[in-house]
Every structure is written in C-alpha cells, then in structure tokens.
Amino acid sequence: MYKLSGTWQRGSDVKAVKFCREGVLAAGRDGNLMLHTKSNSQLVHEEGQYLNSLAVADRTAYVGSQDGTIVSIDIDTKEMAYFLGHTANVCALDAHGDVLVSGSWDKTARIWQSPTSFIELNGHSEAVWAVLIVDNTHVLTASADKTIILWKSGAKKRTFTGHTEPVRGLCLLGDDRFASCSNDSTIKIWSLDGSLLQTLQGHTSFVYSIAFHKGHLFSTGEDRTLRLWRDTSQIQTIVLPGVSVWSVAVDTHGDVAVGSSDHNVRLFSTKSSHWLSDAELQAFEDEVSNTKVGEDQVQLDESQIKDASILQTDGREGQVVMVRENGIVNAYQFSGKWLKIGQVVGKSQKKEFNGKSYDYVFDVDIADGVPPLKLPFNKGDNVYASAEEFVERNDLPVSYVNQVVNFLITNTQASSTSVSTPASAPPTVPATPAPTPSAAVPAVISSYKQPLPMTNFNGPSLAKAFAEKAAEQGSEANILPLLEGLPSSSNDLLQVAQEALSHWNPSDFLPVLDAMRLAVVASDPPDMQVMISLLSCVDPAMPKYSTLATRGFANIAARPDGPTLVQKDQQLFIEAVSLLSTAELKGPLALAAATLLLNLSVVGTKVSLAEYAVQFTQAFDETPEANYRLALAIGVQAFKHPSDRATLSNATNWLAANREPRFIALAKEILPLL
C-alpha cells in the first residue's frame, strides 16, 4: 500500500518529474528545474521559459521548453549546453548514456548525438507527445496523430495503431513489450513485433504518463489519479487535489513521484517508516475531499446517484460513486476503503464541438478577415491543458497560451483546482540563487553549423484558407493531399503556389506564401522567379506577408544545397535582409528574421551581414527565441569573420543586457570576441 511520504510546493504546474541519486528532479511552468530532497529544495537551473519535459541520464539532466529549446545541465557542476533545432514546444525527452531523443509540437522527433548533431525523424502528422529509447538502434515515438512508430537507426520500421485519441506516454515493460497511454483513457500493452496484447481501462479521462517497476505499472492523468496496476488489474488508486496529474516516475526502490497542476510534487512510498505523520496524511485526505469535481470527470449522471448506505459496502479498486448527503452530491472513490474525493459540480447546457459536448465553445478572433477559431472548455478542466491543446490544434505561436489561459479564467470562473497560474505567494520550500553559468560551457558558436528550417504548419487550416481564396478568384483548389504528401509532393505544391502568385490578387497571397515556404524545403532547387516572388512580399508595412516570405528564404538557406543557392542568388537574400532591417520586428516576424540571418551566417555570404545584425538588435522586441537566434547569428559571424568584429561590437550593450540564463551563457562566448 502506497501512502504519502513527501510534498514540495512549487510556483506553478509541475510538468515532469524524474529521480536522481539525491532525490526528485522536477521541471515546471515556472521555468525552474528543482531538486527536492527530504531536507530541502535546491534550484538546479532557471530557464525563463515554461519547462514541459525532463530526462535524466547518469549525472546529466535535460529539460525541454516551450520555445523549442533543450538544455542539458550537469547536476554536479551546473555546466550547460543548448540543443537548438525544434521550432515549437519540446514536450517529450528520453535519455540514455550519451544519447538524447526529443519530441516536439513541430511534428518531429530528433536523436541527438551532440548539441549540434542530430537525426530528424519525420513520420508523424501531428505533435510528437512521447519518445522512448528501446535499445542502441531502436526508438519509439508517439503522437497526437494517434499512432506510435518504431524507428531503427533513424528509419521507420513499424507503425502501431489502436488508440483513438492522441498518445501521450510510453514506457518499456521488458520481454520485448512496451506500454502506451492516451487521451482515450486507456493504457495499451504492445509487443515490439506489432501485436496489441492488452488494453487496461480504469482512468476516466486523459492518461498523461506511465512508468514501470518490477511487475507494476503506474499511471497518472486528467482524472486526478495515480493508479497502480499489476497484470490487468488496478490494485490501488490515489486521488490528488489537482485536476491534471502530469507526470509519474518510479525509483529503483519502488518509491513513486508525481507532478500535478496544483503546483505540487508528491512522493509516495510503501515503507511505513517513510510515510508522513497520521495528522499530515489526514490533512492530505481532507484537501482531496474538499475539492470540487465535475460530473464529466467522474463520468456519472444524475440517475446513478446513490444513498449513503453504499459506503458501508466494499467496491472494486478505483470505482467511483456519487452519494447524496444533506442535499449535496459528493464523489467517493474506492481504494481499500471509500474516500471522499470532492463535491460534484452540476452540469450546464452543453455545446457540441467536433462530436463532443462542452460547457463552453468560444469563438476566438485571431486576425482580421480570418474566421474565428473554436475554443472548447469544460468546467473542471485544466485551463493550461485546454489552452495548449487549442494553440497546438490551430498552429498558433506558443506565446498565445497565456492569453488563452487568462481568457478562460475570466470567462469561465475556473475553479482553483483547474487554474494553474503561478501562486502569488512564493513556494514554501527554500530556494537557492540561480546558478551562474560555468566558464566551461561547451563552445556553441565555434561548432554551430546547422541552419534551421521553419516547417511547422496546420494542414487542414492552410488547405481551407487556400481553397477559400481560390474560390474568390473563381477557381477551385484542394492542396491538402499535397500538404499531407510532403516532402515527396514538394514540386507539385510549389507549382500550384507559383501559378497562384501569377494569377491571384496580391491581397490573397497569404496562404500561397505559406504553401510556397513549405514547398521550397524539399523541392527541386527553386529558380530565381521563386526568389523574386518571395522578395516582392517582404514589405515592412505588411508584417504577415513579410513573415511568410522570410520563412521561405530561411527554408531555402536551410536546404542541403542551401549554400549553393545562397551564393547563386545572394543579392536577393541580402535585399530581403536589408528590407527587414528597416521593419519593426515583433513576434513571428522577429523569429523569422533572426532565423534567416542565422541561416545565412551559417551557410556563408560574400557580403558582410554585420551591419544588418546590429540593426536587428535595435528593432527587436522581447521575443526570447528570436533574441537567442539573433545572438547566435552574431556569434557565428564574429567567430567566422574577425574583420566584422568591430562592427558587431555595436551590439555589445544588447548582448550584455539580456539576463536569460541561456543567453548569458552564449553572450559569455561572444563578448570576448568583440
């Protein structure tokens, strides 16, 4: 029997937990990686961005953040290295020895041999939510496209289908078996040869995380529970106060850690000597019983409400009942005995969206002239989870998450168990000052050689916008099959885009440019006409057009033959950079401009880029990833071209002013060169 043996409060949602030699490492939306032990809590790393994933190998911790960055931290020395390449939230990490595997909202996974060397795995059509190292040559990836893929040495070997909703977690079970968990509320047991062996049912909502230890499987999810399984049976269910139990980990002794949306890390043990006092255990039980539970969370309706006599009988492990007491309906769950898990909140008038019922379906206006997007939400849902799913589904910038969260809080009066905003009071555990980056940080700028493509997109949305604009021109167009067929359909998509640019009204070019910037990644070498078309849309007065056209230039430079193409049509690339240097660079345009400048710095140009880089520093807003890529571009230029260092020295104040830890580490490499 597991009971609570430790609790550490944080400033926001705890998205990932792992064990190390000293205790529990936990990464959260507060941007901190903390080490929690029985005696205290220590700050290991402060990133400044939401941390969504965590892996540990030997004495190295890896964290993935919402801006696409991965950071490795030596637990002992605090030395850091940055892994750049993903273009969206890194939501999955696994590490073993010197190998790191990552998964991202950009629909790719990567096998990293070093911070600048990786194999990209392209095979999923939606976000990659989970990754798992199987052995020296095999990797598993799981996705929002409901599939799992087994890869061998970077090549797709087998696809597993069976889940009906996004797949969120993976773990090895031994004997050539693994488990997966999903938003469809199930856990499935598979053989690596492709066979589905078992389906475990018991969770009443999304299952986010699973872990395995000595014949026992542990799972957590959106139904507030940590569940323990043996074979196909639940043998214990522990209910927590937070709606979303994001992550579970188990150590070699069988102790279990979970991180959840109520800002807490909790440790559970079977050893009675490790349990909290009876008073503390009762306080935890009371905290659980005093929360509110939506009827959707317990999946019961009014006709199934029982009287209190049922609490005098035994139930099955994990069973939930609703009991009317003094005019109030309370939910109870059986785990050795009936435990009150909260007061049930009644239903409201439901609304339909994509075949499901919701308490709210909001219309969200993203841009003028664009149809509003649908934002569904149920009472009791975690507002951050709903916001992240909305942003991912509609291919919106990660920076929109906070705005959506605030909108939901304001318009739904979300309860305290569903709101995951940082607490106004500081954490109750002590924290140490942020570590100063070591001078021994690996030299990033001297080894950086990987240009970055910008390939994130939402196929159905882009295809719909393209078709609507085509209809306005009096024609028909369905580019969805071409988008789904990328990269093999790149030439056909590029041809369709070129024809549209030749005949459509310029005011309708946005979906055309979006299609073109995707096509040029893997098409035949784009000719000068493609470059001229892109350049004609780089207009400081039209930031949306400029953003897509700039992404197109960045993607051409990032091709394997990018250096040749840049040299061949160098003047067009330089003209694009020149136009951007006169624009107000904010948000997506800032990121696109910084990526183009970085890619040109990597592949090389005969014309100096130093003056443009300095001008960019004067026009940028506070977009962390754009600033970092711009700094990296400056560093690469300073390292490769000593004659440009005098000009680049005009960026010294800008480099020194940014206090984001990874930026500080990079600036320490650059400033001595200037």
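From the set of residues in the range 77-101 that are touching a Phe, Trp or Tyr at 6+ places or on another chain (Cβ under 7 Å) and small (Gly, Ala, Ser), which is surrounded by the fewest Cβ atoms within 10 Å (Cβ to Cβ)?
Ala88
I need the full set of residues from the range 497-516 which are in a helix (DSSP H, G or I), at pLDDT below 90 and not hydrophobic (A, V, I, L, M, F, W, C), in order please. Can you show your working first?
Keep residues of the range 497-516 that are in a helix (DSSP H, G or I), which gives 497-503, 506-508, 510-516.
Still in the running and at pLDDT below 90: 501-503, 506-508.
Listed by number, the residues that qualify are Ser502, His503, Pro506, Ser507, Asp508.
Any residue that is part of a loop (DSSP other than H, G, I, E, B), over 30 Å from Arg316 (Cα atoms) and among the polar types (S, T, N, Q) - is there at least one of those in the range 139-157?
yes
Residue by residue through the range 19-28, note down the ones that are modelled with pLDDT of 95 or more and surrounded by 24 or more Cβ atoms within 10 Å (Cβ to Cβ).
Val24, Leu25, Ala26, Ala27
Please state which of the following conditions Pro526 fails to meet, knowing it meets all the rest: (1) assigned to a loop (DSSP other than H, G, I, E, B); (2) in contact (Cβ under 8 Å) with a residue 40 or more places away in the chain; (3) crowded, with 20+ Cβ neighbours inside 10 Å.
Only one criterion is unmet by Pro526, namely (2).
Taking the range 475-491 only, how many residues are free of Cβ contacts under 8 Å to residues at least 12 places away in the same chain and crowded, with 16+ Cβ neighbours inside 10 Å?
1
Look at Ala88 and say whether it is in a loop (DSSP other than H, G, I, E, B), out of contact with any Pro (no Cβ under 6 Å at 6 or more places or on another chain) and among the aliphatic types (A, V, I, L, M). Talk me through it step by step, then tell me what you get.
Working: in a loop (DSSP other than H, G, I, E, B): yes; out of contact with any Pro (no Cβ under 6 Å at 6 or more places or on another chain): yes; among the aliphatic types (A, V, I, L, M): yes.
Yes, satisfied.
Can you run down the residue pairs with Cβ atoms below 6 Å, 6 or more apart or on separate chains, where the first is in the range 548-565 and under 18 Å from Cys537 (Cβ atoms) and the partner is polar (S, T, N, Q) and in a helix (DSSP H, G or I)?
Note: pairs meeting the criteria are Ala554/Thr595; Ala554/Asn599; Ala557/Asn599.
Evaluate the following for Thr550: is it polar (S, T, N, Q) and surrounded by fewer than 24 Cβ atoms within 10 Å (Cβ to Cβ)?
Numbers: polar (S, T, N, Q): yes; surrounded by fewer than 24 Cβ atoms within 10 Å (Cβ to Cβ): no.
It is false that Thr550 is polar (S, T, N, Q) and surrounded by fewer than 24 Cβ atoms within 10 Å (Cβ to Cβ).
Report whether or not Ala155 is in contact with a Gly (Cβ under 9 Å, 6 or more places away or on another chain) and either in contact (Cβ under 8 Å) with a residue 24 or more places away in the chain or surrounded by fewer than 23 Cβ atoms within 10 Å (Cβ to Cβ) (or both).
Numbers: in contact with a Gly (Cβ under 9 Å, 6 or more places away or on another chain): no; either in contact (Cβ under 8 Å) with a residue 24 or more places away in the chain or surrounded by fewer than 23 Cβ atoms within 10 Å (Cβ to Cβ) (or both): yes.
Considered against the rule, which asks whether it is in contact with a Gly (Cβ under 9 Å, 6 or more places away or on another chain) and either in contact (Cβ under 8 Å) with a residue 24 or more places away in the chain or surrounded by fewer than 23 Cβ atoms within 10 Å (Cβ to Cβ) (or both), Ala155 comes out as no.
For the range 223-240, what are the residues that are in contact with a strand residue (DSSP E or B) (Cβ under 7 Å, 6 or more places away or on another chain), of a type in the set (D, E, K, R) and either within 21 Å of Gln282 (Cα to Cα) or crowded, with 23+ Cβ neighbours inside 10 Å (or both)? First the steps, then the outcome.
Restricting attention to the range 223-240, the residues satisfying the condition of being in contact with a strand residue (DSSP E or B) (Cβ under 7 Å, 6 or more places away or on another chain) are 224-230, 232, 234-240.
After this cut, where a residue has to be of a type in the set (D, E, K, R) as well, the list is 224, 227, 230.
Of everything in the range 223-240, those that are in contact with a strand residue (DSSP E or B) (Cβ under 7 Å, 6 or more places away or on another chain), of a type in the set (D, E, K, R) and either within 21 Å of Gln282 (Cα to Cα) or crowded, with 23+ Cβ neighbours inside 10 Å (or both) turn out to be Arg224, Arg227.
Among Lys606, Lys544, which is the only one that is over 26 Å from the mean Cα position of the chain (by Cα) and surrounded by fewer than 24 Cβ atoms within 10 Å (Cβ to Cβ)?
Numbers: Lys544 fails: over 26 Å from the mean Cα position of the chain (by Cα).
One residue alone meets the criteria, Lys606.
This table checks each residue for (1) over 17 Å from Ile445 (Cβ atoms); (2) surrounded by fewer than 21 Cβ atoms within 10 Å (Cβ to Cβ); (3) free of Cβ contacts under 8 Å to residues at least 12 places away in the same chain.
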| site | (1), (2), (3) |
| --- | --- |
| Phe573 | yes, no, no |
| Ala576 | yes, no, no |
| Ala610 | no, no, no |
| Gln615 | yes, yes, no |
| Phe620 | yes, yes, no |
| Arg629 | no, no, no |
| Ala633 | no, no, no |
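How many of the residues in the range 435-456 are modelled with pLDDT under 85 and either crowded, with 18+ Cβ neighbours inside 10 Å or in contact with a Leu (Cβ under 6 Å, 6 or more places away or on another chain) (or both)? Show your work before the answer.
Of the residues in the range 435-456, the ones modelled with pLDDT under 85 are 435-450, 456.
Filter once more, keeping what is either crowded, with 18+ Cβ neighbours inside 10 Å or in contact with a Leu (Cβ under 6 Å, 6 or more places away or on another chain) (or both): 437, 441, 444-445, 448, 456.
Counting residues in the range 435-456 that are modelled with pLDDT under 85 and either crowded, with 18+ Cβ neighbours inside 10 Å or in contact with a Leu (Cβ under 6 Å, 6 or more places away or on another chain) (or both) gives 6.
Just to check your reading of the model, which residue among Val258, Val243 is in contact with a helix residue (DSSP H, G or I) (Cβ under 9 Å, 6 or more places away or on another chain) and either buried (at least 24 other Cβ atoms within 10 Å of the Cβ) or in a helix (DSSP H, G or I) (or both)?
Working: Val258 fails: in contact with a helix residue (DSSP H, G or I) (Cβ under 9 Å, 6 or more places away or on another chain).
On inspection, the qualifying residue turns out to be Val243.
Mind checking which residues of the range 202-231 are more than 21 Å from the chain's Cα centre (by Cα) and of a type in the set (Phe, Trp, Tyr)?
Answer for the range 202-231, where residues must be more than 21 Å from the chain's Cα centre (by Cα) and of a type in the set (Phe, Trp, Tyr): Phe212, Phe218, Trp229.
Filter the range 187-209 for residues that are closer than 20 Å to Thr159 by Cα and surrounded by fewer than 20 Cβ atoms within 10 Å (Cβ to Cβ) and give the result. First the steps, then the outcome.
Our first condition is that a residue be closer than 20 Å to Thr159 by Cα; within the range 187-209, this holds for 187-199.
Listed by number, the residues that qualify are Ile189, Ser191, Leu192, Asp193, Gly194, Ser195, Leu196, Leu197, Gln198, Thr199.
Ala467: on the phi < 0 side of the Ramachandran plot and in a helix (DSSP H, G or I), yes or no? Full working, then the answer.
Values: on the phi < 0 side of the Ramachandran plot: yes; in a helix (DSSP H, G or I): yes.
Taking the combined requirement at face value, the residue satisfies it.
The values are calculated or read from the model by the stated rules, or taken from the named source; none is laboratory data. All of these numbers come straight from a predicted model, not from anything done at the bench. Methodologically, a virtual Cβ is constructed for each residue, glycine included, from the backbone with ideal geometry; neighbour enumeration extends over all protein chains shown.
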